[in-house]
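Each value in this text was obtained by applying a stated rule to the coordinates, not by laboratory testing. Keep in mind the model is a prediction, meaning the values are calculated, not measured. Cβ atoms come from the backbone with ideal geometry, glycine included; neighbour counts cover every protein chain shown.
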Amino acid sequence: MVTLGDIVAFSGSVVQSFPHLRKFWPEVLRQAAIIILSSGLIIFMMEAVMGGVCGLEAHYTLQGIGAPLYSGVFNAYCSTRICAPYMWGYIFAAKIGSGLVAELGSMKISDEVDALEVMGIPSMAYLVASRLVAVCIAMPFLYVIGLGVMNVAEYVVTVKMLAAVSEGGYLYVFWLYQNAYDFAGSMLKALLMGLAITLVGCYYGFNAQGGPVGVGRNAAKAMMVNMVVIHVIGVTVTSLLWGMTPNAPIGN
């Protein structure tokens with residue numbers, strides 16, 4: 001609870017530094033470009049892997065109850081509502097969250113953060129707020145493309161590889177059981193995960209001490225905290241937006 005309070009207080013300090021961010025828009029855009037170029041490929045690849053898993057589960061689960069034609073329903077819920085945001089969170093925490101701890105932590109222990117303050121540059125705005133806004137800029141691109149890749153992987157596995165259902169039947173059912181509300185809820189879940197992971201990573205990086213060993217220790221702590229945060233956000237948003245039932249009117 002002490003750590004949670006410290007992270008909340010740190011997040012409040014980041015929000016208070018936003019007025020200074022108008023001076024550092026080139027840094028914001030640079031960080032957004034770094035996030036997209038350095039993390040896009042691995043996010044897309046892992047979303048494709050998860051799409052293949054959803055396609056396999058859809059086929060063999062529904063085949064067991066004699067309803068393989070409804071594989072599109074399983075895939076629609078598996079990707080948009082659940083697995084796409086979770087896989088996004090896992091890779092974002094491992095790739096970007098841990099990278100933030102290492103980057104800011106190395107700057108902290110080498111007194112670069114203090115040097116920025118001496119030069120009159122607000123470190124909280126330049127180092128943390130800029131990365132937070134960069135995540136908001138990069139996230140829609142990364143997530144929407146990743147979700148599309150996941151949907152394509154589900155289609156390829158279910159329709160082309162396993163031939164569980166015809167192309168027209170699959171696409172009809174797949175799009176019938178999702179709408180703009182589901183997509184917006186999925187985007188909200190991913191955005192909250194991305195912002196929380198960024199704040200946790202920046203907190204542990206900004207408070208690193210004890211040399212390189214301390215930075216490594218904080219990176220491990222940040223990853224552990226982010227794994228908890230991802231699932232708390234996932235369960236909370238899913239319960240608030242869709243309730244505790246899947247809302248799939250099949251077989252009453």
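Where in the range 54-85 is the amide nitrogen less than 13 Å from a point lying 7 Å along the Cα-to-Cβ axis of Met161? Answer for the range 54-85: 54-60. Subtracting the Cα-Cα distance of Leu176 and Leu37 from their residue separation scaled by 0.36 nm leaves 46.6 nm.
Placing pseudo-labels 7 Å out from each Cα toward the beta carbon at Ala9 and Gln209 gives an inter-label distance of 1.3 nm. Of the cross-linked pairs Lys23/Lys189; Lys95/Lys221; Lys160/Lys189, those separated by over 20 Å at the C-alpha level are Lys23/Lys189; Lys160/Lys189. A helix-only calculation puts the chain at -24500 deg cm²/dmol for mean residue ellipticity at 222 nm, using -39500 (n - 2.57) for each DSSP H run of at least four residues, averaged over all residues. How big is the Kirkwood radius of the chain, worked out from every pair of different alpha carbons and given in Å to one decimal? For the chain, inverting the mean 1/r across all distinct Cα pairs yields 19.5 Å.
Using only C-alpha atoms and all pairs of different ones, pull out the Kirkwood radius for the range 1-145 in Å with one decimal. Final number for the Kirkwood radius of the range 1-145 is 17.8 Å.
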